[in-house]
Amino acid sequence: MRGKKAPRRVIAPDQKFNSVSIAKLINYVMRRGKKSTATGIVYRMMDQISEKSKQDPLAVYDQAIKNISPQLEVRSRRVGGSNYQIPIEVRGERKYTLACRWILAAAKSRKGKPMHIKLADEILAASKGEGTAIKKKEDTLRMAESNRAFSHFGG
């Protein structure tokens, strides 16, 4: 690894919900530096969630993230000429990053609706423990379980 490690940047909480996790979601949704567009999508998504679930949208969002966050993931490691998939525990920051990434990928794969509606539907499904993002988490866990025999190679 060359050079210095990139410094951890402190992200300011968003204006409406005063939440760092929502500010991070806005940054993940953002494309080509259009932050105001991303902010509009996320806030409309939160309105949609409160409309459909009749609950606090922040609580529903937090529950969805908690349900999607993976405990284990697999990493490739080369040992003696062959590659092994080694199960590794996921750190806290990476759990949130993976959960957001999977929610966004699942929302983008849905067709025929505006992004804020697709995101709201995916988050509502995830908060109930269903949906494409939950399936991705279960696949990752299944992969880690099936490769548990290689965990002694862990790095």
Residue hits (region 99-155; more than 14 Å from ARG75 (Cα to Cα) and either assigned to a loop (DSSP other than H, G, I, E, B) or polar (S, T, N, Q) (or both)) are SER109, ARG110, LYS111, GLY112, LYS113, PRO114, SER127, LYS128, GLY129, GLU130, GLY131, THR132
Name every residue in region 46-65 that is more than 19 Å from the chain's Cα centre (by Cα), more than 20 Å from GLN15 (Cα to Cα) and assigned to a helix (DSSP H, G or I), in order of residue number.
GLU51, LYS52, SER53
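To keep it simple, each residue is scored yes or no on (1) in contact (Cβ under 8 Å) with a residue 12 or more places away in the chain; (2) in contact with a helix residue (DSSP H, G or I) (Cβ under 9 Å, 6 or more places away or on another chain); (3) hydrophobic (A, V, I, L, M, F, W, C).
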site	(1), (2), (3)
ARG31	no, yes, no
LYS35	no, yes, no
SER53	yes, yes, no
TYR61	yes, yes, no
GLY81	no, no, no
ARG101	yes, yes, no
Residues of region 89-130 classified as surrounded by fewer than 20 Cβ atoms within 10 Å (Cβ to Cβ) and in contact with a Gly (Cβ under 6 Å, 6 or more places away or on another chain), total
1
Answer yes or no: is there a residue in region 84-93 that is in a loop (DSSP other than H, G, I, E, B), touching a Pro at 6+ places or on another chain (Cβ under 9 Å) and over 20 Å from ASP14 (Cβ atoms).
yes
State yes or no: is ARG77 surrounded by fewer than 19 Cβ atoms within 10 Å (Cβ to Cβ), assigned to a strand (DSSP E or B), of a type in the set (D, E, K, R) and touching a residue at least 24 places away in the same chain (Cβ under 8 Å)?
yes
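Read-outs throughout are calculated quantities, based only on the coordinates presented, and are distinct from any laboratory measurement. Since the model is a prediction, treat every value here as computed from it, not as a measurement. When we count neighbours, we look across all protein chains shown, and the Cβ atoms used for this are built from the backbone with ideal geometry, even at glycine.
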